[in-house]
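First the structure, in the form of structure tokens, and then the observations on it.
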Amino acid sequence: MKLNKTKKNGGETPPFAVSLKDICKSFGPVRANDSICLNVSPGTIHGIIGENGAGKSTLMSILYGFYQPDSGQIELDGILSNFRQPSEAIAMGIGMVHQHFMLVPNFTALENIVLGSEGRNGLQVGLQIARKKLKELSQTYGLQVELDSITEELPVGIQQRIEILKALYRGARVLILDEPTGVLTPQETDLLFKILKALKSEGVTILLITHKLHEVMAITDIVSVMRQGKLVAHTETKKTSPEWLAEQMVGRSVLVNSQFPEGKPGKIALSARNLCVSDKRGFNSLKNASFEIHEGEILGVAGIAGNGQSELLSVLSGIILPAKGEFVIGENSFNSYHPADPAHLRQLGVAHVPEDRHAEGLILQFQAFESSILGYEKDTRLGSSFLTDPNIGREHCSELMNSFDVRPHNPKLLSSQFSGGNQQKLILAREISSTPKVLLVGQPTRGVDIGAIEFIHNTLIKMRDRGCAIVLVSVELEEILSLSDRIAVMNAGSIMGIVKRHDATKSILGRMMAGMSPDAALESAV
Amino acid sequence: MQQSSRLPAYVDILIIPFLNLLTALFVAGIIIAIIGENPFTALSIMLKGAFVYKGGLGYTLFYTTNFIFTGLAVAVAFHALLFNIGGEGQAAMGGLGIGLVALSLGSVIPVPFVILLAIFGSALFGAVWGVIPGYLQAKRGSHIVITTIMFNFIASSILIWLLAGMLMAPNQMSPETVSFADGVMLFKMHQILNSIGFSVARSPLNLSFVLALVCCFAVWVLIWRTRLGYRIRATGFSNKASTYAGYQPEWIIILVMAISGALAGMMAINEILGVQHRVILNFTSGYGFTGIAVALMGRNHPVGIIFASLLFGALYQGGAELDFEFQTITRDMVIMIQGLIILFSGALAYMFNPLLEHFFVANTAQKEMLDG
């Protein structure tokens, strides 16, 4: 697996592991990549950062052979290699770990790793050879994985290791990691970084796509910043700062990590008692969740994705029925005998910004104005007569777009044609314009650019100060820490505890996310 | 059927169907040339048969009426992402509905009421035949494609059972009911037009054609101008978003299948109330299935469906003329040509998309560069 450096001729520097020359790629009128030139030295960790829609993923997809560039060249170790499909890129030693893992859940780790390169002479023979080879690989890089465990039963961090092993098994010398830490706990992230460093010391070149600045600072050697399809900065990580990088990403100064003043809680707006959710197989995804939330307060819900936060939001918004327990809003109490439904809750003043904005929050094939009335088409947003009037809808949407600075300002554009941040602003505008008493927010800034993040955060704080009770579910600890008045941490479907913001730190929350009680977490922090 | 197309709308709506039609005709032309006839002569006879010869246009529009109803049925269901393949069965049940009303009330209450009730009956019976698969899909997860196909067979069997049994006209050998009471029929268009001074040839075209056009408008209003239509489209595009918004997708599915079934059932008005004046077997003769191609070609929009129906109506009528004129071209040959058109505008509807996308996207990019 050592990098082959025999191509050195004379005293010249070795060729770049990856060299992209003038890569251009357009999708219709959108220039996703505009004359990108990028050189990556072998055996380095190279960070590529940028806002959503900046063209990072497109660039990596070109390198991995998913897309073909409109023009430009790719060289690997000085050899011209324009790939027509991923299999060619894999053969040339490029491996990719996707943000959403490409693993078969009910296969064993070993089966997943050899998938696609099983060999031809009977599966068992292939598996035996693979097992031997993987043992070596695991030892070299410190990548321990129980090869015979079923993949879906393993923690996310281990599943990611399987992905990395899979790439290495196929002989990857260049490893592309797309937002690898999005699903990890802080502790798991540390472990991942250790592995990446081990890989680097063995000569593997790593391309790290991320939007988390502190990770870039912590682990990369070189960092490249992309903005609107162009490569705008390229520098050694040591010589830069998070603030400067953030500036480069958005093209102006922003506040990173600002803490907002705490709110002034009033009466109880919503209280939940022993809420439980179980699926058809009897798996309890939410266990005995009890909490209260007051007017003018933000309750942050932290936790690694998939620990019951989504179910909590779905129950409170009436999308799924709790198996047990109840929640009370004003005079109304809802439980499995007296179920809530989203339309009724909306009338009671419960607004919901869903976690998955593409599947739930808006309808991608709808024009913006149609998405901007989703769930509210009954009121006057489409006119007051029996027949609806799209012009009224467009005017309404236009006002929303004005006050929330949604760009492009065009109610007729398809919802899918807006960037993530603008889609989110549109959803937020829709939900807030009904002046809700309770606002349920899931991952408000996932895949949203920094400029929009600031706007969304300020909007949430403004809503809170107007007396709205906000439940904020987010996997971004910084976000939780800077916005919430109190923080509930979830693990395996249970709320581990609720801590006040000024008692909480990242490491305490991290420990609670891993299943510690708040007391134990506080103690071990001291 | 839904494809995310990066093409300008007019290309999608006009140029692609036109290209598909042209390709189908081209292939059909080759086959006609192979059997030794001149394809251009054949085409001209088809066109004349459909539009020029005496009564030709009337017959074309008569068939068009059938296709509009079944095409609309498929389109409405498709807006909620449901493939209603059960047009045949729903239309057959619609016919039964008309028959039951006309035979039981025909000589009891005044004729106009009988006709109105019969029209309502066709929609109701069709709707019921759509709602059952809809319910099974929504509440039980049985796939609508499978159930609607099965329901075609059930409807057909029910009709055979009734027409060869309880409802069979006495002293007769064929499986059909007695004729409806006098006057229980829709006016023919040629009668109406002749009475107001236009001289028009005889044809089976009747008032159902007007009703079909009204239904087109009604469907457009429903889908694009009502809150229910908004919910239907939302559900069709994203079930999850529909749940999120509180629209209860199951009920939308059931309701949409009722509307779709009703539209398919109304096809029977044209055949039974317009022409036959009694219930016969197999009067649906494949219109329900062809409705799928009609909806596909018409891009699930009423205006598109009117044009696609006209095309298929012309094919039916012009095809019959071909059969009549040429010894070498048989009825089966005509069915093959229709099949080719369905193949190219239905199954292969998006065959030219990549090519056109390449052409148009490259073009717009170039234009932008020049503008910029």
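Just so it is clear, none of the values below were taken in a lab; they were calculated from the coordinates. Quick caveat: nothing in here was measured; it's all calculated off a predicted structure. Cβ coordinates were reconstructed from backbone atoms using ideal geometry, including for glycine residues, and neighbour counts include every protein chain displayed.
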Farthest towards the positive end of the dipole of the protein assembly as shown, among B:242, A:140, B:144 and with Cβ unit charges of +1 on Lys and Arg and -1 on Asp and Glu, lies the Cα of A:140
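Which chymotrypsin sites (Phe, Trp or Tyr not before Pro) does the stretch B:89-150 hold that lie in a coil by DSSP with at most 14 other beta carbons within 10 Å?
Those that pass, being in a loop and sparsely packed, number zero.
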Assigned charges on the beta-carbon of Lys, Arg, Asp, Glu; chain A dipole about Cα centre (debye): 1000
State the Cα centre-to-centre distance between the stretch B:210-239 and the stretch B:91-144 in whole Å. 21
Given the -39500 (n - 2.57) contribution per DSSP H run of 4+ residues, what per-residue ellipticity at 222 nm results for chain A, rounded to the nearest 500 deg cm²/dmol? -9500 deg cm²/dmol
Reachable lysines, given that their alpha-carbon falls under 17 Å from the alpha-carbon of residue A:324 and they are not under 8 places away in the same chain: A:280, A:287
Fewest first, what order do A:148, B:323 take by the number of other Cβ atoms within 10 Å? A:148, B:323
Length gain on complete extension for the stretch residue A:389 to residue A:30, per 0.36 nm per residue less the alpha carbon to alpha carbon distance? 126.1 nm
Packing-wise, with mean Cβ within 10 Å as the measure, how do A:390-398, B:347-355, B:226-234 rank, highest first? B:226-234, A:390-398, B:347-355
Long-range HN-HN contacts of residue A:226 with modeled amide H, under 5 Å: A:49, A:50, A:232
Starting from the Cα of residue B:52, step 7 Å along the direction of its Cβ; do the same at residue B:201; then give the gap between the two resulting points in nm. 1.2
If a/c stays under 1.5 just call it rounded; otherwise compare a/b with b/c (prolate if a/b is bigger, oblate if not). Do that for the protein assembly as shown, with a ≥ b ≥ c from the square roots of the Cα gyration tensor eigenvalues. prolate
What spacing in nm lies between the two simple spin-label points modelled at residue A:268 and residue A:214, each 7 Å away from Cα in the Cβ direction? 3.5
Positive-end residue of B:67, A:192, A:348, charge dipole of the protein assembly as shown with Cβ unit charges: A:192
So, R0 is 22 Å and r is the distance between the beta-carbons of residue B:164 and residue B:120; what FRET efficiency does that work out to, to 0.05? 0.25
With x for Gly and Pro, the residue-by-residue ³J(HN,Hα) of the stretch A:234-247, computed from phi through the Karplus equation 6.51 cos²θ - 1.76 cosθ + 1.60 at θ = phi - 60° and given in whole Hz, is 8, 8, 6, 5, 4, 8, 10, 9, x, 4, 5, 5, 4, 4
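Counting only other chains, what is the mean number of Cβ atoms within 10 angstrom of the Cβ of each residue in peptide B:217-229? Display every interim value, and only then the final one.
On the way: counts 0, 0, 0, 0, 2, 0, 0, 3, 7, 5, 7, 2, 2.
Mean partner shielding for this stretch: 2.
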Can you run phi through the Karplus equation (6.51, -1.76, 1.60; θ = phi - 60°) for the stretch B:50-61 and list ³J(HN,Hα) in whole Hz, with x for Gly and Pro? 7, 10, 9, 4, 4, x, x, 4, x, 5, 4, 5
Which pairs in the list A:132/A:166; A:267/A:506; A:194/A:238; A:212/A:412; A:264/A:500 are over 23 Å apart, alpha-carbon to alpha-carbon? A:267/A:506; A:212/A:412
Shape of the stretch B:44-94 from its Cα gyration tensor (a ≥ b ≥ c, root eigenvalues): rounded if a/c is under 1.5, otherwise prolate when a/b > b/c, or oblate? prolate
Across the residues of A:339-349, average count of Cβ atoms on other protein chains within 10 Å? 2
Could you pull out every one of the aspartates and glutamates with an alpha carbon less than 20 Å from that of residue A:437, ignoring same-chain neighbours closer than 8 positions? A:262, A:292, A:295, A:297, A:326, A:331, A:341, A:355, A:377, A:379, A:465, A:485
Estimated dipole of the protein assembly as shown in Debye, rounded to 20 [Cβ of Lys and Arg +1, of Asp and Glu -1, Cα centre]: 320
Give me, ordered by chain and number, the residues 5 or more places off residue B:278 or on other chains with an amide H under 5 Å from its own placed amide H. B:180
Compute the helix-to-body angle for A:186-201: its Cα long axis versus the longest principal axis of chain A, expressed 0 to 90° and rounded to tens. 20
Enumerate the calculated ³J(HN,Hα) couplings along the stretch A:326-341 in order (Karplus 6.51 cos²θ - 1.76 cosθ + 1.60, θ = phi - 60°), each rounded to whole Hz, writing x wherever the residue is Gly or Pro. 8, 9, 10, 10, x, 8, 9, 10, 10, 8, 5, 8, 10, x, 8, 10
Residue A:402-residue A:228 FRET efficiency (beta carbon distance; Förster radius 22 Å; 0.05 resolution): 0.40
Under a crude label model (7 Å from the Cα following the beta-carbon direction), how far is residue B:355 from residue B:179 in nanometres? 5.3
Using r as the Cβ-Cβ distance of residue A:458 and residue A:290, and R0 as 22 Å, what FRET efficiency do you calculate, to the nearest 0.05? 0.10
Charge dipole (the stretch A:18-250, unit charges on Cβ, about Cα centre) - positive-most of A:74, A:241, A:116: A:74
